[in-house]
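Visitor: Below you will find the structure I want to go over with you.
The values are calculated or read from the model by the stated rules, or taken from the named source; none is laboratory data. Remember, predicted model here, so these are calculated numbers, not experimental data. A quick note on method: Cβ atoms are made from the backbone with ideal geometry, for glycine too, and the neighbour counts reach across all protein chains shown. In case anyone asks, the SASA skips ligands and DNA or RNA and just uses the protein heavy atoms, side chains included. Shrake-Rupley method; radii C 1.70, N 1.55, O 1.52, S 1.80 Å.
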Protein chains: 2
Amino acid sequence: MDTQARPQGEPGAARRDSTAAILAAAERVFARAGFHGARMAEIAAASGLPKANLHYYFGTKDRLYRAVLEDILRQWVATAAAWIEPGRDPTEALAGYVRAKLADARRRPGASRIFASEILRGAPLLMPYLTEELRRQVAEMGVVIEDWAARGLIDPIAPPHLFFAIWAMTQTYADFDVQVRAVLGPEADDDAIFAAAEATVTRLVLRGCGVREDAGPQREDRQ
Amino acid sequence: MDTQARPQGEPGAARRDSTAAILAAAERVFARAGFHGARMAEIAAASGLPKANLHYYFGTKDRLYRAVLEDILRQWVATAAAWIEPGRDPTEALAGYVRAKLADARRRPGASRIFASEILRGAPLLMPYLTEELRRQVAEMGVVIEDWAARGLIDPIAPPHLFFAIWAMTQTYADFDVQVRAVLGPEADDDAIFAAAEATVTRLVLRGCGVREDAGPQREDRQ
DNA sequence: AACGAATCTGACCGTGCGGTCAAGATTCGG
DNA sequence: CCGAATCTTGACCGCACGGTCAGATTCGTT
């Protein structure tokens, strides 16, 4: 926009501000249009900087896209697996995990959409992450699940498929929000949607795992 | 390919053969690349016909894409809602619906991916379908669910969100198959994956709804 | 103040791709 | 068997869009 907001910046401030603005704009545009559908000119306009500027900082469209993806994954990985840990009570852990994923879907839907769109393309860039980091993480969390089952806290279940189910159910509220809203009609507001989503998904997961529901989630009032 | 396969065709046979080949090829290419990522030349190559031929039959890329989408929706709608019907037993109906959706995801993953990619784009073309046909269908199926609940056959649940969950869990095996395979590793074959998927999803849905599981699915052996 | 480095920007370029076209080949109706 | 309609092509076009560049402007340092 205009320069007056940065009268005397610390060194490298311009770089930081510009790249942040570009990344934010790129995340929005890539989320709605996908990699191929997104236009560099559109991202430039959305970030309030001239197109040549994007190339100054990121070189090519492909590199900008990778930067966005990495930014997303960084946060993704950081918050994941904080819930499914050995010490926890299964009910609390599973409900907490679902709640965290839903909150993420609501707060940063673009990230989920970019991830989805990348997997739809065959995950050309994410493949290493999927086969290594994610696979290892699922294996670790699977041990926890199986331990709970061995101790009789939940019924035996195929851990990876349980996670596929949880991811699918939660991310659908980010990726397919258009469909959700179309089906629910215009009178459904965000709060109502996500409250009902949390109640439903939590119930399917907890009951599906066969945990005792006595110490269940605080409230499951709204239908 | 070569002409010898059609020595004496009935009228319009060429049109039917060519359009069918083009539609099939287009579905494959659009599924992996999305609308913007797909190249007309690629579809042409995949269909074994020269590019100009696609334009002869479909005019523009956009119209070809619409044709593919309509083809998908036609079959989609036809098979849906055959399961969630008033007369049925909830266990049988829900398990059957899940099984049908999973079979669809396995048999025609491209269709599911194109649908997903279209919704990710904001559903520019599908919006009428979503707000009218699908919305009405969900409302009808919701009545059935609520009727089951009223008769004490299942617990009360928010019907639309139940369907969102079922769609998400089943379609994830088509849309995100790359992720599924990456996480499960190379030793997991199709049969094993879908058997475990069916067992897991069915369990979450049936228990989530609180139906008695006596007459449950035939087998749930494999992990 | 002054000079080099970093940042910014409008104007420009090459090409990949959707779409066209006109001429040739095949099929169809009578 | 002939003329008309349908179908099949390779060659070609225009332009949208990713990327470049050189000159202007601002920043950081002494």
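Visitor: Can you tell me which residues in the stretch A:49-60 are within 12 Å of DNA strand C (Cβ to nearest atom) and either under 21 Å from A:Arg121 (Cα atoms) or not small (Gly, Ala, Ser) (or both)?
Guide: A:Leu49, A:Pro50, A:Lys51, A:Asn53, A:Leu54, A:His55, A:Tyr56, A:Tyr57, A:Phe58
Visitor: Which residues, counting only those in the stretch A:192-202, are more than 8 Å from chain B (Cβ to nearest Cβ) and in contact (Cβ under 8 Å) with a residue 40 or more places away in the chain? Steps first, answer last, please.
Guide: Residues of the stretch A:192-202 that are more than 8 Å from chain B (Cβ to nearest Cβ), as a first pass: A:192-195, A:198, A:202.
A:Phe194, A:Glu198, A:Thr202 - these are the residues of the stretch A:192-202 that are more than 8 Å from chain B (Cβ to nearest Cβ) and in contact (Cβ under 8 Å) with a residue 40 or more places away in the chain.
Visitor: So A:Ala46 fits all but one of (1) open to solvent by 40 Å² or more (accessible area, probe 1.4 Å); (2) away from DNA strand C (no atom under 12 Å from the Cβ); (3) within 14 Å of another protein chain (Cβ to nearest Cβ); what number is the exception?
Guide: Against the list (1) open to solvent by 40 Å² or more (accessible area, probe 1.4 Å); (2) away from DNA strand C (no atom under 12 Å from the Cβ); (3) within 14 Å of another protein chain (Cβ to nearest Cβ), A:Ala46 comes up short only on (3).
Visitor: Let me ask another. Find all pairs meeting these conditions: Cβ atoms under 6 angstrom apart; at least six residues apart or on different chains; first residue within the stretch B:15-39 and within 23 Å of B:Arg107 (Cβ to Cβ) and in a helix (DSSP H, G or I); second residue polar (S, T, N, Q) and more than 10 Å from DNA strand C (Cβ to nearest atom).
Guide: Filtered contacts from the stretch B:15-39: B:Ala21/B:Ser47; B:Ile22/B:Ser47; B:Ala25/B:Ser47; B:Gly34/B:Ser117.
Visitor: Further, regarding this structure: Can you pull out every residue in the stretch A:92-114 that is surrounded by fewer than 21 Cβ atoms within 10 Å (Cβ to Cβ) and charged (D, E, K, R)?
Guide: A:Glu92, A:Arg99, A:Asp104, A:Arg106, A:Arg107, A:Arg108
Visitor: Go through the stretch A:49-91 residue by residue and tally those that are in contact (Cβ under 8 Å) with a residue 12 or more places away in the chain, in a helix (DSSP H, G or I) and loosely packed, with under 15 Cβ neighbours inside 10 Å.
Guide: 4
Visitor: Let me ask you something else. Among the residues of the stretch A:211-220, is there at least one that is among the polar types (S, T, N, Q) and either within 22 Å of the chain's Cα centre (by Cα) or within 25 Å of A:Phe35 (Cα to Cα) (or both)?
Guide: Step one: filter the stretch A:211-220 for residues among the polar types (S, T, N, Q), giving A:218.
Pick out the ones that are also either within 22 Å of the chain's Cα centre (by Cα) or within 25 Å of A:Phe35 (Cα to Cα) (or both) and you get none.
The answer is no, given that none of the residues of the stretch A:211-220 is among the polar types (S, T, N, Q) and either within 22 Å of the chain's Cα centre (by Cα) or within 25 Å of A:Phe35 (Cα to Cα) (or both).
Visitor: Given the options A:Gln137, A:Gln171, name the one that is buried (at least 22 other Cβ atoms within 10 Å of the Cβ) and either among the small types (Gly, Ala, Ser) or not assigned by TED's automatic domain parsing to the domain that holds A:Gly34 (or both). Please lay out each step first, then the result.
Guide: Values: A:Gln137 fails: buried (at least 22 other Cβ atoms within 10 Å of the Cβ).
After applying the criteria, what remains is A:Gln171.
Visitor: Can you tell me how many residues in the stretch B:175-191 are touching a residue at least 40 places away in the same chain (Cβ under 8 Å) and buried (at least 16 other Cβ atoms within 10 Å of the Cβ)?
Guide: Number satisfying all stated conditions: 2.
Visitor: Moving to a separate point now. Which residues, counting only those in the stretch A:168-184, are more than 7 Å from every other protein chain (Cβ to nearest Cβ) and out of contact with any Gly (no Cβ under 9 Å at 6 or more places or on another chain)?
Guide: Result: A:Thr170, A:Gln171, A:Tyr173, A:Asp177, A:Arg181.
Visitor: Now a separate question. Are there any pairs, at least 6 apart or on different chains, whose C-beta atoms fall under 8 Å, with the first in the stretch A:155-167 and outside the structural domain of A:Asp104 (by TED's automatic domain parsing) and within 12 Å of A:Leu94 (Cα to Cα) and the second open to solvent by 10 Å² or more (accessible area, probe 1.4 Å) and at pLDDT below 95, and if so, which?
Guide: Nothing qualifies.
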